[in-house]
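Peer 1: One structure, pasted below without further comment.
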Amino acid sequence: MTTTLFADAKSAPAPTSTPRIVSAWDNTYAATLDEPQLLLYRSNLLGADKAITNFGGGNTSAKISMQDPLSGQATEVLWVKGSGGDLGSIRLDGFSTLYMEKLQALRARYRGLEHEDEMVAYLPHCTFNLNPRAASIDTPLHAYIPHAHVDHMHPDAVIAIAACKNSAALTASIFGGELGWLPWQRPGYDLGLKLEKVAREQPQLKGIVLEGHGLFTWGDSAKSCYETTIDIIRRADTWLAANSRTPAFGGTLHSALPAAERAALAARLMPLLRGKISKQEFKLGHFDDSAAVLEFVCSRDLSALAALGTSCPDHFLRTKIRPLVLDFSPAAPDFDALVASLDQALEDYRQDYSAYYQRCRRSNSPAMRDANPIIYLIPGVGMLSFAKDKATARIAGEFYINAINVMRGANGVDTYVGLPEQEAFDIEYWLLEEAKLQRMPKPKSLAGRVALVTGGAGGIGQAVARQLLAEGACVMLTDIDQSAIDSAYQSLLKQGGPDAISVARADITKEGEVEQVLQSVALRFGGIDLLVSNAGIASASPLEDTSLDVWERNMSVLATGYFLVSRSAFRSMTAQGLGGSIVYVASKNGLVASAGASAYCTAKAAEIHLARCIALEGAPHGIRVNVVNPDAVIRGSRIWDGKWKEERAASNKIETENIEEFYRQRSLLKRSVLPEDIAEAVYFFVSEKSAKSTGNILNVDAGNAAAFTR
């Protein structure tokens, strides 16, 4: 396609429906804000819309007159998004503040492109008011543009134009000379000076498109800058919609499987795939079969476009330079053949990545990182993404959807161009990025692990979940009580966040529901490493008054239920090949008989013996099975809220309000046992602290001589 074809595309036609990208600026609210708050307001509005910028992507800035804390005089200060922040959730403490006077003085320190990275070390010397927020490498890109307010966004619509073969001509034609254009260059000090040069030499410009990268826009006020950003992105989006060839991606090659079949296949595949890529570091998975993903994975151009890699630096930093397309035909779905092809497909990808590293490495490049793919595309099914934590896996998938949108837009009007391989490598293995990785905190002890906790709505279940979340695990809670599990989710959400915590209502005595929960765990996180079997009921009555229904109910929940959940988790763990840990929360009553509780005691004893049996079978697979035996955990326990409390009080001839004191005094240590105590014991067994323990019982009962294990 030649540039003359764009001659009549100076502006987009009027949209036929409500624009997808609209201004959300509230003049009344904005009038209550000072300049830093207006910057924050603008940033949050822009970051809230993924059509404007991706998670963690883009920057905003404002040059604001502030009082120097030392001299008391007014000075111009650059407020700019600090390193590692996200515009949608940033707060004022997420912005770096730097003296503009000192940033201007940096010009004298610049020694040219070969010394580009050393300029980052000077930025802390420009800090205003001892602000601890580290300045990002994009700071010079904002500092020298001669406008008070600057936005740098990564909108799919603009990147689609920026990633076209004829990007410069398209930019000029679509925006009628209102936007400048710069060829691809890695962000840094030199690019900041080039942005300044274009902005000064062409004062009529409203912004600049960076080839293959994104958009810079500016204004004299926070509102005008925001409105310009919105307007430019909307115009790009509207123009692409009006001018793109259809169908996208060369048309449809495959029909997508029905939604239920897609989910079932992904749930079966993810633990197997996770096991193959987690030998060095545990990975967590995410599944996406949204409309955009399905359109791409079902298209004729899937393999060709995927091989070109991504364009925007933010995209491939999250997704690697290219994904792995799995060999699968939805017209003749053969799951076993798909699984059989995984080892060779992964090995080919690793070798290709290693060759890429060897071709592009510099003398001072960091060592090669994990060579496994991050993004997996399955024709007719969807996209899998795997990373060291759930949030990173999910965000990687979101970034690849950004890349899909860019490829759709670029190929629809021109020819999509990925970033040159060497440029991609120089971003991926940038020493500044490596230094950022090295500064990241040490992973928590259960990072990358997935736990399923049954009886999750109760006091012990929630305490266990909190402990596991605190140690970095992802947790799926299940319980038979929907309202209770929903309440537990809201309580735990504050600690774990939506990526790390999930819930599912299930009756563990029903085989089908148990299988569904394990499928949900796999689909949500990629597999399972830890099972805490904690679901429980309690009953008490003399033997002659114990009904068959009570007996069978105890056996059903406390023995059969534990068997069903363990069997399903065991199957998934062995398929993964990563080992695992199963912990039964049993009871002192499993070791010590109690008068008037024959059904409960017998079922708990069955639990303990079942754990020992599974420990024997699990050992060759690295699956450890242990038991925690609580006694009289009354506070926070749902079991003690019902008849059990009355029945135990009657059995011991005491008032119900004295039950906790009775059990405390009965113990050797005269101490109450709390849900948090059980959680600590569970953590010991699921963590590497007990890596050489299996088939064991740990009593957490404040001391009961009759329950001493022999």
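Peer 1: Relative contact order of the chain, please, whole-number percent, based on alpha carbon pairs below 8 angstrom and at least 6 residues apart. Please report the intermediate quantities before stating the final value.
Peer 2: On the way: 1354 pairs, mean separation 73.8, N = 710.
About 10 percent, as a whole number.
Peer 1: What whole-number value in Å² describes the accessible area per residue of the chain for a 1.4 Å probe? Provide the component values of the computation, followed by the final result.
Peer 2: Working: 29700 Å² over 710 residues.
I get 42 Å² per residue for the chain.
Peer 1: Residue 705 to residue 613: FRET efficiency via 1/(1 + (r/R0)^6), r the Cβ-Cβ distance, R0 30 Å, to the nearest 0.05?
Peer 2: 0.65
Peer 1: Moving to a separate point now. Once the Cβ-Cβ distance between residue 343 and residue 691 is put in as r, and R0 is 35 Å, what FRET efficiency do you end up with, to the nearest 0.05? The partial results should precede the final answer.
Peer 2: Numbers: r = 28 Å, r/R0 = 0.79.
The computed FRET efficiency comes out at 0.80.
Peer 1: At 7 Å along Cα-to-Cβ for each site, give me the label-to-label distance between residue 200 and residue 92 in nm.
Peer 2: According to this spin-label approximation, the distance is 3.3 nm.
Peer 1: Another question, then. Check the straight Cα-Cα distances from residue 390 and name the aspartates and glutamates below 16 Å, setting aside those fewer than 8 residues away within the same chain.
Peer 2: 281, 288, 398, 471, 499, 529
Peer 1: Is the shape of the stretch 352-422 rounded, prolate or oblate, going by the alpha carbon gyration tensor and its root eigenvalues a ≥ b ≥ c, with a/c under 1.5 for rounded and a/b larger than b/c for prolate? Before the final figure, lay out each step's value.
Peer 2: On the way: a/c = 2.25, a/b = 1.25, b/c = 1.80.
It is oblate, given that a/c is not under 1.5 and a/b is not larger than b/c.
Peer 1: While we're looking at this one, here's another question. Which of 115, 79, 128 sits closest to the plus end of the dipole of the chain, meaning its Cα is farthest towards the positive end, when Lys and Arg get +1 and Asp and Glu get -1 on the C-beta?
Peer 2: Result: 115.
Peer 1: Can you return the lysines within cross-link range of residue 588? Criterion is Cα-Cα under 30 Å, with same-chain partners fewer than 8 residues away left out.
Peer 2: 510, 604, 643, 645, 653, 670, 689, 692
Peer 1: Taking the simple approach of a point 7 Å from Cα along Cα-to-Cβ for both residue 255 and residue 438, what is their distance in nm?
Peer 2: The modelled label-to-label distance comes out at 5.6 nm.
Peer 1: Kirkwood Rh and Cα-based Rg: tell me the resulting Rg over Rh for the stretch 232-322, rounded to two decimals. Show your work: numbers first, answer last.
Peer 2: On the way: Rg = 16.5 Å, Rh = 16.0 Å.
Radius of gyration over Kirkwood radius for the stretch 232-322 works out to 1.03.
Peer 1: Out of 238, 266, 253, whose Cα points farthest toward the positive end of the dipole of the stretch 224-310 (charges: +1 Lys, Arg; -1 Asp, Glu; placed on Cβ)?
Peer 2: Towards the positive end, the residue furthest out is 266.
Peer 1: Given charges of +1 on the Cβ of Lys and Arg and -1 on the Cβ of Asp and Glu, with all other atoms neutral, how large is the dipole of the chain about its Cα centre, in debye to the nearest 20?
Peer 2: On the way: 71 positive and 79 negative charges, 224 e Å.
Around 1080 debye, computed over the chain.
Peer 1: Quick one: order 338, 113, 698 from most to least accessible surface, probe 1.4 Å.
Peer 2: On the way: 338 0, 113 100, 698 60 Å².
Output order, biggest surface exposure first: 113, 698, 338.
Peer 1: Antiparallel as a % of all DSSP beta bridges within the chain, to the nearest 5?
Peer 2: Values: 38 of 73 bridges.
Close to 50 percent.
Peer 1: Scan the stretch 205-267 for trypsin sites (Lys or Arg not before Pro) in coil per DSSP, keeping those whose Cβ has at most 15 other Cβ atoms within 10 Å, and list them by number. Before the final figure, lay out each step's value.
Peer 2: Details: sites: 206, 223, 234, 235, 245, 262; in loops: 206, 245.
Answer in residue order: 245.
Peer 1: Quick check: residue separation of residue 24 and residue 594 times 0.36 nm, minus the Cα distance between them. What number comes out in nm? Mind dumping the intermediate values first?
Peer 2: Numbers: separation 570, 0.36 × 570 = 205.20 nm, distance 6.61 nm.
Result: 198.6 nm gained on full extension.
Peer 1: Angle check, please: helix 222-243 long axis (alpha carbons) against the longest principal axis of the chain (alpha carbons), in degrees 0 to 90, nearest 10.
Peer 2: 90
Peer 1: Can you tally the lysine pairs in the stretch 19-166 where the Cα-Cα distance is under 19 Å and the two residues are eight or more apart, or on different chains? Write out the running numbers ahead of the final one.
Peer 2: Details: 50/81; 63/81; 63/102; 81/102.
Counting lysine pairs in the stretch 19-166 gives 4.
Peer 1: Pick out, from 489, 358, 387, the residue whose Cα sits farthest towards the positive end of the charge dipole of the stretch 353-508, with +1 on the Cβ of Lys and Arg and -1 on the Cβ of Asp and Glu.
Peer 2: Projecting each Cα onto the dipole axis, the largest value belongs to 358.
Peer 1: Students sometimes get this wrong: rank 700, 381 by accessible area, probe 1.4 Å, all chains present, largest first.
Peer 2: Values: 700 25, 381 0 Å².
So, going from the largest accessible area down, we get 700, 381.
Peer 1: Let me ask something additional. Name the shape class, rounded, prolate or oblate, that the alpha-carbon gyration tensor gives for the stretch 159-207, where a ≥ b ≥ c are the square roots of its eigenvalues, rounded holds for a/c under 1.5, and otherwise prolate holds if a/b is larger than b/c and oblate otherwise.
Peer 2: Numbers: a/c = 2.83, a/b = 1.19, b/c = 2.39.
Verdict is oblate for the stretch 159-207.
Peer 1: FRET efficiency for residue 66 and residue 358, Cβ-Cβ distance as r, R0 = 45 Å, nearest 0.05?
Peer 2: The calculated FRET efficiency here is 0.35.
Peer 1: Oh, and also: Mind putting a number on the dipole of the stretch 132-202 about its Cα centre? Charges go on the C-beta only, +1 for Lys and Arg and -1 for Asp and Glu, and I need it in Debye to the nearest 20. Can you show the working numbers first?
Peer 2: Numbers: 6 positive and 7 negative charges, 34 e Å.
That gives the stretch 132-202 a dipole magnitude of about 160 debye.
Peer 1: Can you give the log10 of the normalised intensity I(q)/I(0) at q = 0.09, 0.11 Å⁻¹, computed with Debye over equal Cα scatterers of the chain?
Peer 2: One equal scatterer on each Cα of the chain leads to -0.88, -1.12.
Peer 1: Assuming a ≥ b ≥ c are the square roots of the Cα gyration tensor eigenvalues, decide whether the stretch 40-117 counts as rounded (a/c under 1.5), prolate (otherwise, with a/b larger than b/c) or oblate. The partial results should precede the final answer.
Peer 2: Numbers: a/c = 2.99, a/b = 1.33, b/c = 2.26.
Note, shape of the stretch 40-117 comes out oblate.
Peer 1: Is any residue of the stretch 594-610 close enough, with backbone N under 19 Å, to a label point placed 7 angstrom from the Cα of residue 567 along the Cα-Cβ axis, and if so, which?
Peer 2: The answer is 603-604, 606-610, whose backbone nitrogens lie closer than 19 Å to the label point.
Peer 1: Starting from the stretch 395-448, pick out the trypsin sites (Lys or Arg not before Pro) whose DSSP state is loop and whose Cβ has at most 11 other Cβ atoms within 10 Å. Kindly include the intermediate steps, with their values, before the conclusion.
Peer 2: Details: sites: 408, 436, 439, 444; in loops: 439, 444.
Loop-located and lightly packed - 439.
Peer 1: Can you give me the distance in nm between label points at residue 220 and residue 32, each placed 7 Å from the Cα along the Cα-to-Cβ direction?
Peer 2: 2.8
The values are calculated or read from the model by the stated rules, or taken from the named source; none is laboratory data. Treat the numbers as computed from the prediction; the structure is a model and nothing was measured. Neighbour counts are summed over all protein chains in view; Cβ atoms, including those assigned to glycine, are modelled from backbone coordinates with ideal geometry. Just the protein is used for accessible areas: all its heavy atoms, side chains included, with ligands, DNA and RNA removed. Shrake-Rupley method; radii C 1.70, N 1.55, O 1.52, S 1.80 Å.
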